[in-house]
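What follows is a set of notes on a single structure, which appears directly below.
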Amino acid sequence: MPRYRSWGRYPAATPAAVLPVDWRSDPPALDRVRQPVLPYACGRSYGDSCLNDGGVVLDVRRLDRLIAFDQERGLLQCEAGVTLAEILALVVPRGWFLPVVPGTRWVSVGGSIANDIHGKNHHRAGTFGAHVSRFELLRSTGQRTVCTPGDELFRATVGGLGLTGLILWAEIMLKRIPGPAIAVERIRFPGLDAFFALAADDRDFEYTVAWVDCLARGPRLGRGIYMRGDHAPQDGTVPSPLRPARFRVPLDAPAGVLNATTLGLFNEAYYRGQLRGRLRSTVPYAAFFFPLDGVGDWGRLYGANGFVQYQCVVPDVGGGGPIRAIFERISRSGEPASLAVLKRFGNIRSPGLLSFPREGMTLAVDFAVRGRTLALLEDLDAIVRETGGAVYPAKDARMSAASFRAFFPELERFTAQRDAKFSSSFWRRVHAS
Amino acid sequence: MPPETSTRVLIVGATSAIAAETARVYAAYGARLFLAGRNPQRLEAVAADLRVRGAGSVLTAVLDVTDRQRCDAVVEEAWSTFGGLDVALLAHGVLPDQARCQASAAATIEALEVNFTSAVALLTPLANRFESAGRGCIAVITSVAGDRGRQSNYVYGAAKGGLDRFLEGLRNRLFHAGVAVVTLKPGFVDTPMTAGLTQGPLFASARRAGRDIHRSIERRRDVAYIPWFWRPIMAILRSLPETVFKRLRL
C-alpha cells in the first residue's frame, strides 16, 4: 500500500489494514480492531509519526466536509480531513485567512491540530492549536467528547500526534485580511549576525522567515535571504486558485543527484539570484506561503531512499550560540544540506502538552538519508538537549527515546491522556514502554 | 453574479462521493439543491457542506429508491419546492457482489431493482414533468460496465446497460420537447463504492468525476464518459467480436 507513506519516504512501513472513516455520524467501531490504529489524511508528516507499520490506518481523507461558517465572526467548523487548501479557497475570497499556515497547504485540519503546526507568523500568532476553539474526539471505546481549550484532553490532543483518539471535526478561529495578496520584502544578509539583527526586529511584520545557505563556511556561514511580509490591502492581484501541482516529480532521482556539489551550486545561485540587497513586491498568497506546492512529490529528488528533515528549536541567546554551534556542526560535516529555513519563534505558549514550538530560534534542514547523516543528526540532538530545546516529531524519523523524553517534559501528563488503542511507528520507537 | 445562481437541481443518491462532488460544483455557483438519499445523518452532513460552499438553498429528503411510492413523492416534493427543476441527476446505485448474485436469484433481482428498476421509477415521473415544462435536463450516472457484459460484473453491467438503453429511448422522446437526457458513464472512480478494488492508473478522483459530470450536464452531452479516456477504451472493448470476447477472462 504505497499510498500510506510519509512525506520523506523514510522509513518504509506497511499497515496491516486500512479502515476508511467516511462519515462523522457513524465512524467504525475501533474497539473491534485488534491492531493499534492511527489516523492518516495527507501524509505530509516527514518521518514516521504518520506511519503505523503493522497496524491499522484510519483513512480520514473522505472526512472532508465543511460544517458551518460564521462569516461575521470568522468561525469555521469542518471535518478533520478537510485540507487547508480547501479552506483557503473558500475563505480568502470572503476576506478571511487561516490564523496559521505551514509551508504547504496540502495538510489536513486534523493533522494541523495533531502536530500543532506553526508558520511564518509564530512570533505574533503562536501555533495552530491556539486558534482552535473546539473539536470532537472519538476514543477507541466509542466515546465522543467535545474538547475545548483548558481541557486536559484538549491539551493532550493538540500536538498529540494522533495518539489520543480520532479528531472527527474541529472549529477554527480565522482572521480578517484586506485581500488575497502579500506584500513581501526580501533582504539578502551576509551571515548569521546579520540574520539575528533582522530577526530581533520582527515585531512589525506578520510573517518572517529566512532561507539560509548552510553549506557556506567561514564568515559566510549562515548567509541567506530574509523574507518578511504582511497581508496587502485589496488591489488587482490575482487570487491563488486551488490547483494541484502543475508539475510532479515522476520518478525517484538516482541516489546522489542532490550532493554537496549540486546543492552548493543551488544555494550559491539562490543567494546570488537576488542581485539587490532589498527587494519589495506584492505576490499572491500561495506564492509566498507555499512555494513548493507547485512541484508535486518534490521529495523524490532525494532518491528512492528518501530524506529526513531536521527541525529543532533552541533558545535565542545573545550572539545565537546554539544556532551557530548547529550551523558549524552541519557545515563541518560536509553533508549535503539544502537551503535551511531559519525563524525566530515568539513567546506565545503552545497549548499542547507535546507541542514543539517554544520561544527561541528554529532551524529546518533537509538531508538525504545516509549512515553519516544519521550520525550527524545524533550530534545535533546532543547540542539541542544541552540547551533545553526540542526536535520536531512531525519531521522526525530517528530521534532516540532519551532525546524525546528530554525534549518533552510534559510527556507523563500526555501519556495519561493517550488512548491505548492508538499508536504509531514513531510512538513505538520513542516510547519504549 | 454567476450564471447558474438560480439553477434548481435534484440529486438522488446525494451522499455518494461522485454525487456530492458534483453538488459541490453546483453549490459554488449558488445553485439551489434538493438532495435525496437513504441515510438522514449523512444527507445532513452533505447538505451542511454545500450550504457553506455557497449553495442558494439545500433541502433534503430521505429516500429508499426501492420504495416506488416514495420515489413519486420525492419527485413531486422537489418539483413543487423549487417550482420546477432545471436538472435532475440520478446518482444512486450499488456495486453488487457478483459471486453472491450468481448463487442467488434474489440477490441478483435486488441488484437490478436498485440499479435499474428504481431509476425507471424515478425517470417516469421526472420525464413527464420535464416534458410538460419543455426545458431542463435529466442526467443519469450509469457505468462503463454497462457497455459490455463481463463475467466478473455482469449483473451490475446488465442493470447499467439496460439503463443506457432506456435513456437512449428517453433522449429520443424528450429531444422533441426540448429536454436533454445525459448518460454519464464513469469508469473507475476512487470512492467508497470501489474501496474493495485494487487501484490502478485508470482510477480518477471523485472530485474530478464530479467536475466532469457537471461540465457534461452543462454542455448537454448525450453520452459522456467520465473521464473522457474511457470512450476510446470502451470503443475498443465494444468492437471485439463475441467469439473473441467470450474467451477473455474479464
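Values in this text are rule-based calculations from the coordinates and carry no lab data. Worth saying up front: this structure is predicted, and the values here are computed from it rather than measured. Every residue, glycine among them, receives a Cβ derived from its backbone with ideal geometry; neighbour counts consider all protein chains shown.
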**Asked** Relative to the longest principal axis of chain B, what angle (0 to 90°, nearest 10) does the C-alpha long axis of helix B:154-175 take?
**Response** 50
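When a/c is below 1.5 the answer is rounded, else prolate if a/b is larger than b/c, else oblate, so apply that to segment A:287-387 with a ≥ b ≥ c taken from the square roots of the Cα gyration tensor eigenvalues.
Details: a/c = 1.86, a/b = 1.22, b/c = 1.53.
In terms of gyration-tensor shape, oblate.
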**Complete:** Contact order relative to length for segment B:8-245, counting C-alpha pairs under 8 Å separated by 6 or more residues, stands in percent at 19
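If Lys and Arg each add +1 and Asp and Glu each add -1, what is the summed charge of the other residues whose beta carbon sits under 14 Å from the beta carbon of B:P201? Could you put the intermediate results ahead of the total?
Details: positive: A:R3, A:R248, B:R208; negative: B:D190.
Counting the neighbours of B:P201, the net charge comes to +2.
Per residue of B:46-52, count partner chain C-beta atoms within 10 Å of its C-beta, then hand back the mean as an integer.
On the way: counts 2, 1, 8, 8, 2, 4, 11.
If you average over the peptide's residues, the count of other-chain Cβ atoms is 5.
Per residue of B:195-204, how many C-beta atoms from partner chains lie within 10 Å of its own C-beta, taken as a mean? Before the final figure, lay out each step's value.
Details: counts 5, 0, 0, 0, 3, 0, 0, 0, 0, 0.
Average per residue, whole number: 1.
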**Asked** Could you give the angle, 0 to 90 degrees to the nearest 10, between helix B:118-133's Cα long axis and the longest principal axis of the Cα atoms of chain B?
**Response** 40
**Fill in**
Binned at 5 Å from zero, the C-alpha pair distances of segment A:181-407 give percents of 1, 6, 13, 17, 19, 18, 14, 8, 3, 1, 0
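Grab the eigenvalues of the alpha-carbon gyration tensor for segment B:52-140, scale each by 5, take roots, and send me the semi-axes largest first in whole angstrom.
29, 15, 11
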**Request:** Please determine, in degrees from 0 to 90 and to the nearest 10, the orientation of helix B:40-52 with respect to the longest principal axis defined by the Cα atoms of chain B, where the helix direction is its Cα long axis.
**Result:** 60
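So for chain A, averaging the separation of alpha carbon pairs under 8 Å that are six or more residues apart and normalising by length, what relative contact order in percent results?
Values: 1045 pairs, mean separation 85.4, N = 433.
Dividing the mean separation by the residue count of chain A yields 20 percent.
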**Asked** Contour minus end-to-end for B:R150 and B:N39, with contour as 0.36 nm per residue of separation and end-to-end as the Cα-Cα distance?
**Response** 36.8 nm
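Any idea how many Lys pairs in chain A come in under 24 angstrom at the alpha carbon, given 8 or more places apart or on separate chains? Don't skip to the answer; put the middle values down first.
Values: A:K120/A:K175; A:K120/A:K343; A:K120/A:K395; A:K175/A:K343; A:K343/A:K395; A:K395/A:K421.
Lysine pair count for chain A: 6.
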**Asked** Rounded to two decimals, what is Rg over Rh for segment B:81-207 when you use alpha-carbon atoms and the Kirkwood radius?
**Response** 1.01
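Mind ordering B:220-230, A:385-395 by average Cβ neighbours within 10 Å, highest first? Mind dumping the intermediate values first?
Numbers: B:220-230: 17.2, A:385-395: 21.5.
Top to bottom by mean Cβ count within 10 Å: A:385-395, B:220-230.
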**Request:** Counting only DSSP beta bridges with both residues in segment B:8-245, tell me the antiparallel percent, nearest 5.
**Result:** 0
**Request:** Report, in cubic angstrom per residue, the convex hull volume of the C-alpha atoms of segment B:8-245.
**Result:** 124
**Message:** Considering only C-alpha atoms, what is the centroid distance from segment B:38-82 to segment A:331-364, in Å?
**Reply:** 50
**Item:** Separation in nanometres of the label points that stand 7 Å from Cα toward Cβ, at B:T66 and A:A12
**Value:** 4.6
**Asked** Out of residues 5 or more away from B:V182 or on other chains, whose amide H comes under 5 Å of its own, with H placed 1.01 Å from N in the peptide plane?
**Response** B:I138, B:A139, B:V140
**Asked** In 20 Å bins starting at 0, how do the alpha-carbon pair distances of chain A split up by percent?
**Response** 27, 61, 13, 0
